[in-house]
Amino acid sequence: MNFRTFAAFVGPSVFMMLLFIAYPLISVFMQSFYITQPIYETVEIETCTPGFLTQTCITEQVSQPKLDEHGEIITQTEYVGLQSYRNVLEPERAWRAISNGEWNVLSTINFWKALRFTLTFTLITLPLVIGCGLGISVLINNAARAIRGPVIFVSLLPFIITPVIGVLSINWLFRGDGILTAMLETWLNRDIALFAQAWTIEILMMVYRVWHVAPFAAIVFYAGLQTVNQDSLESAVIDGATRWQRMKYIVIPHLMPLIIFVSMIHLMDSYRVFEEIVGFSSQGYVISLQWLTYDFLVPDQAGNRSISRASASAMLTMIGVVILLIFPLRRTWRDHKGGH
Amino acid sequence: MSSRALRQPLSLRLTSNIFLAFWCIVAVFPILWITVMSFKSPVDAFDSNALNVIFGPATLAKGQGISILDIIAGIAIFWGTILVSTKTLPSMVRSYTKPGQAWFGWVIGVLVVIVGFLLVFFVILPAVLGVLNPIFGPLGKDVLGLTTEHYKTVWIDRGFSDNFQNSLIVTTGVVTLSLTVGTLAGYGLARSGSTLAFWILIVALIFRALPPSVLVSGYLPVFISSAEWLAPILGENAPTLYGKPFAVIAVLVAINQPFTIWMLRSFFQNIPSELDEAARVDGCSHFQAFRRVIMPVMWPGVITTGLFSFLLAYNDFLVTSLLLDAQNQTMVPAIVGMFNRETTTTDQVVAVAAAVSITAPLIFLVLIFQRQIVSGLTAGAVKG
C-alpha cells in the first residue's frame, strides 16, 4: 500500500483525533498559564431611601464587571504563569503540612485529597480485580458446558451497565436503611451509617469497581484458559503436581500476557475514577482527580467556570497518565525495533 | 475434561459450582433489586425488610397489585419473547434476506420484536387479564404489590422521553460516524506495515489513556465562544457549538476513535491479506477491494466495534453533562440530576424507575449480542 492510499484510508480518523484530542490537549496546556476574567471597575453608587423629613443616602463603593455597548461583560485574558497551578496545588500549605507531618491538614487541600484517593483506589482495586477475575474464570471453566453461556450472560451484566447507574444501584442498596445496611446491622449487631465517613464510602466505591470490572477480566482470562495446553496439565498430574502447583506453574504463566493486558486497561480506567463520586454523591468526603477537573468546569452559582484552574488540574492529572504509560510504551518500542 | 487424570473429585466440582452460583447472585443482585424497587410504592421500596420490598404490602394496600394469574401470564410472555428472539428471529432473518443484507433484516426484525412485545405486554395483556381475573376467583386475587406509576411519572410527567430521544440522536450519530471513520482507518493500519502506521497506533494508545475531563476543559471555552470565532467563516448564523448534539457526537467519536481503530485493526488482521491481493490482481483499486471484498466478510468485527461505540455513547456522563445544555440533555445526566435534586422518597423511586428504564435496553443488547461482545473483549487481548 503506497503512502497516498494509506493517507486516504487513515486521514479522516487522524484528522478527527488531531482536531478533537491533540488540539484540545495543547490548548489546555496553554490555557493553564492564562486566566480569563471579567474586568471589574469600582463605581460609587449612591442609594437613597425616602425617609421622614430628609432622604437617607448611602454612598457605597461597589466593584462590578464592566459592560460593553451590547451589555455583555468585557473579559480580559492575561498571562499569569504558574499561578493557576499554585492555586490548585497550594504548595506552601502542602509543604508546611508535610514538614510538620500533619496529614489531615494536607487532606484539606482538594488536589492532594483527590490524588491520595485516586492512587489508593487504583492500587487496591488492581489486585482484587485480577484475583476475582481469575477466580471467576476458573469457576466458569470448571462448570458444565451447558450452563457456561447463561453464566457468561449474567457475568456480563455488571460490566455492560452504565457506570453511573451501576453506582447508583449499589448506593440504593445501602442508602439509609437499605436492605444491605439492615443486613449488616443485624449481623454486626450495631448501628451503621455507611455514608457518614470517608473510609466506608471508599470501601463501597472499591466494591462497586471490582463488581464492574471483574467480569471483563474473567472473560478475557476465560478465553485464555481455553488455550492452555492440556497435555502439559496432564503430565503435571502424572508427575504428582497438586492442583495449586498446576495453577501456579502452568496456568498462571500461560495467562501472564493477558494479566498484564487487563492490569494496563484497569490502571488506565481506574486512574480516571469519576462516576463513583457522582453516583455516591460523595464530594463532601471523597473526591478524585478527574472529579476535581470536572468540578472546576461546572459553572458555579455566578455562572463562571474556572477554566484555567481546570486546565492546571487537568495538566497535573496528565503527569500520572504519562508515568503510567512509560513502561508499556518502552516495551512496545523495543518489540517494534526488534521486529524490524 | 476427557482425560481421566484431569477428572475432578465430586466435592471440588460441587464447591466450584456453589461459588459460581454465588458470583451469579452477586453479579445480578443490584440490577434485579432496583428493578423490584422501581415497581413499589416508596414505603415498600426503601423498607429495610427485604420481604416487604419483594411483596410490597403498602403498595398492595393502595390497591395496586397483581394476581397469580397475572404473574403466570407475564412470565409466559417474557419466555415467549426470549424464544422468539433467540430461535425464530434468526431463522426468519436468514430465510427472508439476501446474504449481503442480513443486517437490514436484523434491524427490522429486532424492531418488530420490541414493538410487538410492548404492544402485547402493555396493551393486550392488561385488557385480557382485566376480564379473566374476576372469573378465576382466588387465582385472580391480588397477591403481590406492584405499580407502574413511577414509570408513568418518569416518562410522561418528567419528560424523560425527550432525554431518550436525545440519547438516541447522540448514540446513533456516534455509532455511524465512528464506524465509518474507524473501518477505513482500521483497514489502512492493518494492511500497512510502515513506521508511520506504528506511530499512529502508539499515539492512539496514549490518547486512549487520557481522562475525558482533560479534553473537555479544552473544548468548553472554544465551544462556548464558537459563535465569535466562526463568524468570519460562516457569517451571521455561526452556531454556538456548546449545547449542540452534533458537537457532542464529534467529540465522542474522536474520544472513542483510538479504541475503535485498535479493535477494528485487530479484526482486519484476522482477514488474510491474500483476499485483497486477489481482488487487486483482478483489477480492483484499493478502495474497491476494501468495499467489495473485505467489507462483506468484515461484518462481525464491525458489529462488535459498533456495540462498543454504542456503549460508550450511551453510558457517557462526563462529556454529555458538561457539553449539552438542559434542552438537549441525554438520559444519564438527567437521572443523576433527578437523583441529586430530589429529596423525598417518592422522587427517589422515580429516579430508580428511570435507572431501570435506561438499563433495560442494555440487557436486551447483551441477550442478543452476547457472542459479539465476548469476541470483542477478547479480540484485543489474545494478541497481547
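Give the stretch B:314-328 a look and list any residue that's in a loop (DSSP other than H, G, I, E, B) and either out of contact with any Ser or Thr (no Cβ under 7 Å at 6 or more places or on another chain) or outside the structural domain of B:Ser217 (by TED's automatic domain parsing) (or both), or say none.
Correct list: B:Asp316, B:Phe317, B:Asp325.
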Report summary line: Going through (1) at pLDDT below 85; (2) surrounded by fewer than 21 Cβ atoms within 10 Å (Cβ to Cβ); (3) more than 16 Å from B:Ala250 (Cα to Cα) one by one, B:Phe164 fails only at (1)
Report summary line: Conditions (1) more than 21 Å from A:Ser169 (Cβ to Cβ); (2) of a type outside the set (A, V, I, L, M, F, W, C); (3) surrounded by 14 or more Cβ atoms within 10 Å (Cβ to Cβ); (4) facing chain A (nearest Cβ under 9 Å) -> B:Gln8 fails only (3)
Report summary line: If we ask which residues in the stretch A:1-18 are loosely packed, with under 13 Cβ neighbours inside 10 Å and within 7 Å of chain B (Cβ to nearest Cβ), their number turns out to be 0
Report summary line: Going through (1) more than 9 Å from chain B (Cβ to nearest Cβ); (2) under 30 Å from A:Arg331 (Cα atoms) one by one, A:Phe261 fails only at (1)
Query - Residue satisfying all of: in the stretch B:183-220; in contact (Cβ under 8 Å) with a residue 60 or more places away in the chain and more than 7 Å from chain A (Cβ to nearest Cβ); farthest from B:Ala254 (Cα to Cα) among these - result: B:Ala190
**Report entry** Lone unmet requirement of (1) in contact with a Ser or Thr (Cβ under 7 Å, 6 or more places away or on another chain); (2) closer than 21 Å to B:Met263 by Cβ for A:Ile250
**Finding:** (2)
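Here's the yes/no breakdown for (1) in a loop (DSSP other than H, G, I, E, B); (2) surrounded by fewer than 18 Cβ atoms within 10 Å (Cβ to Cβ); (3) within 11 Å of another protein chain (Cβ to nearest Cβ):
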residue: B:Met295; (1), (2), (3): no, yes, no
residue: B:Ala355; (1), (2), (3): no, no, yes
residue: B:Leu362; (1), (2), (3): no, no, yes
residue: B:Arg371; (1), (2), (3): no, yes, yes
Query raised in the report: Out of B:Ala354, B:Ala326, which single residue is within 27 Å of A:Trp291 (Cα to Cα) and in contact with a helix residue (DSSP H, G or I) (Cβ under 7 Å, 6 or more places away or on another chain)?
Result: B:Ala354
**Report entry** Enumeration of residues in the stretch B:182-207 that are β-branched (Val, Ile, Thr) and crowded, with 20+ Cβ neighbours inside 10 Å
**Finding:** B:Thr183, B:Ile200
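The values are calculated or read from the model by the stated rules, or taken from the named source; none is laboratory data. This structure is a prediction, so every number in the text was calculated from the model and none was measured. Using ideal geometry, Cβ is built from the backbone for each residue, glycine included, and neighbour counts are taken over all protein chains shown.
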